[in-house]
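Asker: Quick one: the structure is below, and I'll ask about it shortly.
The values are calculated or read from the model by the stated rules, or taken from the named source; none is laboratory data. Since the model is a prediction, treat every value here as computed from it, not as a measurement. Cβ atoms come from the backbone with ideal geometry, glycine included; neighbour counts cover every protein chain shown. Accessible surface is based on the protein model in full, side chains and every heavy atom, while ligands, DNA and RNA are left aside. Shrake-Rupley method; radii C 1.70, N 1.55, O 1.52, S 1.80 Å.
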Amino acid sequence: MTSIRIWGPGAGAVVVLVAAGVWARGSSAVDAGLWADVRPAIETRLVTQSAGNGAAESEPSLRSRWFCRAEALDLTESGDLVRAGVDTLCLEYGVRGDALMECSGAQIPQVIRLERDRTNGGYRVVSQEEAPDDDAEWDEDHFSPYAESRLNQEMESAGLQAAARTHFGLPATAPVRNC
């Protein structure tokens, strides 16, 4: 009788932990091959939409350009259609002297729907949604619980800085300053 009182709750706790682990592992699975196929269309769309909205673009003495990246949080495919729940980071960089200037930017969760482009291969964006003014309820309605838990994590910008330095012909050690 004593063994049941001691081992019963312990075994129950182990079952709960294993089930939680399986749930978390299953809900975080993103098809890497599919993501590699749709990511270029998503990031190209983000850069195109950002152009014309930056602080540096109105400053003639500063060459600037937008750089964007997306992280897949939810990714589902149905036939030729893909629904991508993503967190996006777009930053506007410019050059002043030998320094890379970070001028504008935003990290925004979005739901992007894509369709396979059979003519050109690859995918094209057919719709894009984002929350109105950091609406937590929108996030809850549009992302899985696992994906939603990752939305407030700051996205890494080192890759965007490296791409900007390369684009502007700056050395990898060029300092990054604010506009």
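Asker: Taking Cα pairs under 8 Å and at least six residues apart, what relative contact order does segment 28-147 come out at, in percent?
Answerer: Dividing the mean separation by the residue count of segment 28-147 yields 23 percent.
Asker: Something else: Taking all protein chains together and a probe of 1.4 Å, list Asp87, Asp31, Asp141 from the most accessible to the least accessible.
Answerer: In descending accessible area the options line up as Asp141, Asp31, Asp87.
Asker: Can you pull the accessible area of Leu91 for me, 1.4 Å probe, Å² to the nearest 10?
Answerer: 10 Å²
Asker: For segment 67-179, what % of the accessible area comes from carbon and sulfur atoms, probe 1.4 Å?
Answerer: Roughly 43 percent of what the probe reaches on segment 67-179 is carbon or sulfur.
Asker: Also, quick follow-up: What list of whole percents do you get for P(r) of segment 96-160, with Cα-Cα distances grouped in 5 Å bins up to the one holding the largest distance?
Answerer: Histogramming segment 96-160 at 5 Å steps yields 3, 12, 17, 16, 16, 15, 11, 7, 3, 0 percent.
Asker: Another question, then. Where does the charge balance sit around Ser149 when Lys and Arg score +1, Asp and Glu -1, over other residues with C-beta under 13 Å from its C-beta?
Answerer: -4
Asker: Could you report the accessible area of Cys179 in Å², rounded to 10, computed with a 1.4 Å probe on the protein chains as they sit in the structure?
Answerer: Answer for Cys179: close to 80 Å² accessible.
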